[in-house]
Amino acid sequence: MMVFMNYYYLAKKSKTALIPIVLTPVYILALALYPTNISGVMYVSTIFTYVNVTIFILIFFKNRFLSLFE
């Protein structure tokens with residue numbers, strides 16, 4: 001889902017496609033703070049993906065909602 005949404009915004013040449021790049025330092029910091037076992041890495045990766053997808057979907061629906069009033 002995250003890759004699909006990122007490609008969608010890349011095709012539209014939207015700055016929204018840069019969200020994963022902006023959140024990458026937070027991801028690296030979270031990896032450094034959580035335990036280094038595989039479950040900790042999976043947890044951080046899942047949360048990172050969830051946050052990205054949530055932001056993408058919120059922006060998508062915001063744009064769709066605003067386009068109704070144009």
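The values are calculated or read from the model by the stated rules, or taken from the named source; none is laboratory data. As the structure is a prediction and not an experimental result, all values here were calculated from the model. All Cβ positions, even for glycine, are placed from backbone atoms using ideal geometry, and neighbour counts span all protein chains on display.
Numbers at a glance
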| quantity | calculated |
| --- | --- |
| Extreme residue, farthest from VAL51 (Cα to Cα), among residues of the range 23-33 that are touching a helix residue (DSSP H, G or I) at 6+ places or on another chain (Cβ under 7 Å) and aliphatic (A, V, I, L, M) | LEU31 |
| Conditions (1) free of Cβ contacts under 8 Å to residues at least 24 places away in the same chain; (2) surrounded by 12 or more Cβ atoms within 10 Å (Cβ to Cβ); number of the one not met by ILE59 | (1) |
| Selection status of ILE21, surrounded by 11 or more Cβ atoms within 10 Å (Cβ to Cβ), at pLDDT 90 or above and assigned to a helix (DSSP H, G or I) | no |
| Residue check, SER45 among the hydroxyl-bearing types (Ser, Thr, Tyr), part of a helix (DSSP H, G or I) and exposed (fewer than 10 other Cβ atoms within 10 Å of the Cβ) | no |
| Cβ pairs under 6 Å, 6+ apart, first in the range 2-22 and within 15 Å of THR49 (Cβ to Cβ) and free of Cβ contacts under 8 Å to residues at least 60 places away in the same chain, second surrounded by 15 or more Cβ atoms within 10 Å (Cβ to Cβ) and among the hydroxyl-bearing types (Ser, Thr, Tyr) | MET2/THR49 |
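Here is a yes/no grid of residues against (1) surrounded by fewer than 11 Cβ atoms within 10 Å (Cβ to Cβ); (2) within 17 Å of PHE61 (Cα to Cα); (3) touching a Leu at 6+ places or on another chain (Cβ under 6 Å):
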site	(1), (2), (3)
MET1	no, yes, no
TYR9	no, yes, no
LYS15	yes, yes, no
ALA32	yes, no, no
SER39	yes, no, no
